[in-house]
Amino acid sequence: MRWGCARDGDDIVNILFAPAHYLLDGVSGGSEYGWAYGIINTLSTQSDLRLFVVTGMVRSDKRLPANVTLIRLGGSPTLKFSSSYRLAFVGRYYLAAQRILHQHRIDVIHHIGPFGYGTTFNLLPLLGATRRIPFVIGPLQVPHTMQGGEEQTFSQEDVRSGPTASDAAREQLSAALIRAGRPILHGLSTRTLRDSDYLVAVNKQARDLYASVTPNIPAVVIPPGVDTNRFGQVSALDRDRGNRDGDSGVDILYVGWLFVRKGLDLVIAAMARLVPRYPSLRLHIIGDGPQRGALEVLVARSNLGPNVIFEGVVENAALATRYAHADIFVSMSYSESFGQTLIEGMISGLPVVSARNMGSNEIIEDGETGYLVEPGNVAMLVERLDTLISRPDLRVSLGQRARDVVRRRYNWTTIGEQYHDVYREAVRRRARVMR
């Protein structure tokens, strides 16, 4: 067994990602699965690093470099990761990681995800595998259930066809076992956090939450990134955006799941007040979810049929084009752990109008890159949208500043460097502890 870690922070060579989530997703982008892929893909550009990646599945349109060793544990092609799958995954990635630890000298172990406070644990630190190896966890978020929002418990495939009876029965049994064992899970989750050397959070509020549980463990903020090349090539459209006003037609865009907590009923209510003044105004809703039927009824009752377009799920390859041809991005979500679609809109040169929540508060600079609206306040939303609809020059200037902010703060190259710095500090911290 090749226990041990780098002597100091400057000679890190081998990094073990265990786990790197249920899915390593280099295709869909803006999700926890995409964040995992972004971290690993970025670090893989450092040829002096060797990365061992334990994950469920991999979805990518290109091969990762030769310095990345992938260990696929298998999963569901429909991305239905049930409670029983999640419980089994813990044991399976532990065994796979132990095999790597026996074969290679690992300098750092990084638990990318999943990690839900009070429900997720990692057997590697709990069973002593990280006693001499620095252990990092992140990116950590504040769960929606701790923000007053509902939790996503289904997949895109569930929206289309619904779970089968046998799937539902297994899920109910697994969920019941998890509920019964919640005090044990909470204890294991807390111990996993306290056995770490460094925590990485997506924003300050998440950092503060986890720091309250582990006051002696360093915690830093490193946000997820966005593909600035894919979403950022829209400068040629800025002139067109600057020429469109309320009379010639303005396109407002929403991208995301259709949940109650997303507040789309508020956006439709705002449209009902704005369309009489701007008959050519359009709202494009990209995504699907359990509230779609209710929202379609609301649109029909508000006589907004021609002005509100439900586009459903749009393939990832076409999503950047949808952003590029919009004028304003809107989100009235009551709770967001981060706000990936906000930065996608911003890098596409769009001013963003968003409800204040944990995700938007640290992303949008009110009045500089977009507007923050009080949650549930339709009148304030109407006022902000009206301002942007009637002032094309303001839309362009806010959008340009938004793009500049994202290029500085949320590009994967910078984020990769920040993670590498965390690994160095974790190694140094562990070396001090072991002296």
Run down Gly345, Gly349, Gly359 and say which single residue is in contact with a helix residue (DSSP H, G or I) (Cβ under 9 Å, 6 or more places away or on another chain) and in a helix (DSSP H, G or I). Gly345
Which residues, taken from the range 362-374, are within 12 Å of Gly399 (Cα to Cα) and not in a strand (DSSP E or B)? Ile364, Glu365, Gly367, Glu368, Thr369
If you go through the range 208-232, how many residues are free of Cβ contacts under 8 Å to residues at least 24 places away in the same chain and more than 20 Å from Val433 (Cα to Cα)? 4
Quick one: count up the residues across the range 21-45 that are among the aliphatic types (A, V, I, L, M) and at pLDDT below 95. 3
Can you confirm whether Asp48 is acidic (Asp, Glu) and modelled with pLDDT under 85? no
Residue set Gly263, Gly246; condition among the small types (Gly, Ala, Ser), crowded, with 16+ Cβ neighbours inside 10 Å and at pLDDT 95 or above; output residue Gly263
With a cut-off of at least 2 residues that are modelled with pLDDT under 90, within 22 Å of the chain's Cα centre (by Cα) and surrounded by 15 or more Cβ atoms within 10 Å (Cβ to Cβ), name the helices (runs of 4 or more DSSP H) lying wholly within the range 121-231. 156-161
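In contact with a Gly (Cβ under 7 Å, 6 or more places away or on another chain), surrounded by fewer than 20 Cβ atoms within 10 Å (Cβ to Cβ) and either among the hydrophobic types (A, V, I, L, M, F, W, C) or over 17 Å from Ser348 (Cβ atoms) (or both), is that true of Val313?
Details: in contact with a Gly (Cβ under 7 Å, 6 or more places away or on another chain): yes; surrounded by fewer than 20 Cβ atoms within 10 Å (Cβ to Cβ): yes; either among the hydrophobic types (A, V, I, L, M, F, W, C) or over 17 Å from Ser348 (Cβ atoms) (or both): yes.
Here the answer is yes, as Val313 does meet what is asked.
For every residue, the table says whether it meets (1) part of a helix (DSSP H, G or I); (2) assigned by TED's automatic domain parsing to the domain that holds Asp25; (3) modelled with pLDDT of 95 or more; (4) under 14 Å from Tyr254 (Cβ atoms).
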{"position": "Ala294", "(1), (2), (3), (4)": "yes, no, yes, no"}
{"position": "Asn303", "(1), (2), (3), (4)": "no, no, yes, no"}
{"position": "Val314", "(1), (2), (3), (4)": "no, no, no, yes"}
{"position": "Ala318", "(1), (2), (3), (4)": "yes, no, no, no"}
{"position": "Thr321", "(1), (2), (3), (4)": "yes, no, no, no"}
{"position": "Val330", "(1), (2), (3), (4)": "no, no, yes, yes"}
{"position": "Ser333", "(1), (2), (3), (4)": "no, no, yes, yes"}
{"position": "Glu336", "(1), (2), (3), (4)": "no, no, no, yes"}
{"position": "Thr341", "(1), (2), (3), (4)": "yes, no, yes, yes"}
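Give Val58, Val54, Val90, Val108 a once-over and let me know the one that is out of contact with any Ser or Thr (no Cβ under 7 Å at 6 or more places or on another chain) and farther than 30 Å from Asp11 by Cβ. First the steps, then the outcome.
On the way: Val58 fails: farther than 30 Å from Asp11 by Cβ; Val54 fails: farther than 30 Å from Asp11 by Cβ; Val108 fails: farther than 30 Å from Asp11 by Cβ.
Going through Val58, Val54, Val90, Val108 in turn, just one is out of contact with any Ser or Thr (no Cβ under 7 Å at 6 or more places or on another chain) and farther than 30 Å from Asp11 by Cβ: Val90.
Results for (1) under 24 Å from Gln103 (Cβ atoms); (2) surrounded by fewer than 24 Cβ atoms within 10 Å (Cβ to Cβ); (3) hydroxyl-bearing (Ser, Thr, Tyr), shown as yes or no for each residue.
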{"position": "His21", "(1), (2), (3)": "yes, no, no"}
{"position": "Leu24", "(1), (2), (3)": "yes, no, no"}
{"position": "Ser31", "(1), (2), (3)": "no, yes, yes"}
{"position": "Val58", "(1), (2), (3)": "yes, yes, no"}
For the range 310-338, pairs from a residue that is without any contact (Cβ under 8 Å) to a residue 60 or more places away in the chain to a residue that is surrounded by fewer than 23 Cβ atoms within 10 Å (Cβ to Cβ) and basic (Lys, Arg), with Cβ under 7 Å and 6 or more apart or across chains, are Phe310/Arg292; Val314/Arg322
Give me a count of the residues in the range 269-321 that are farther than 27 Å from Thr228 by Cβ and in contact with a His (Cβ under 9 Å, 6 or more places away or on another chain). 3
With Arg407, Arg401 as the choices, which residue is closer than 29 Å to Ile137 by Cα and either of a type outside the set (Val, Ile, Thr) or part of a helix (DSSP H, G or I) (or both)? Arg407
Kindly provide the set of residues from the range 314-354 that are within 17 Å of Leu398 (Cβ to Cβ) and hydrophobic (A, V, I, L, M, F, W, C), ordered by number. Ala324, Ala326, Ile328, Phe329, Val330, Leu342, Ile343, Met346, Ile347, Leu350, Val352, Val353
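The values are calculated or read from the model by the stated rules, or taken from the named source; none is laboratory data. Just so we're clear, the structure is a prediction, and the values are computed from it rather than from any experiment. For neighbour counting, all protein chains shown are included, and Cβ atoms are generated from backbone atoms with ideal geometry for every residue, glycine included.
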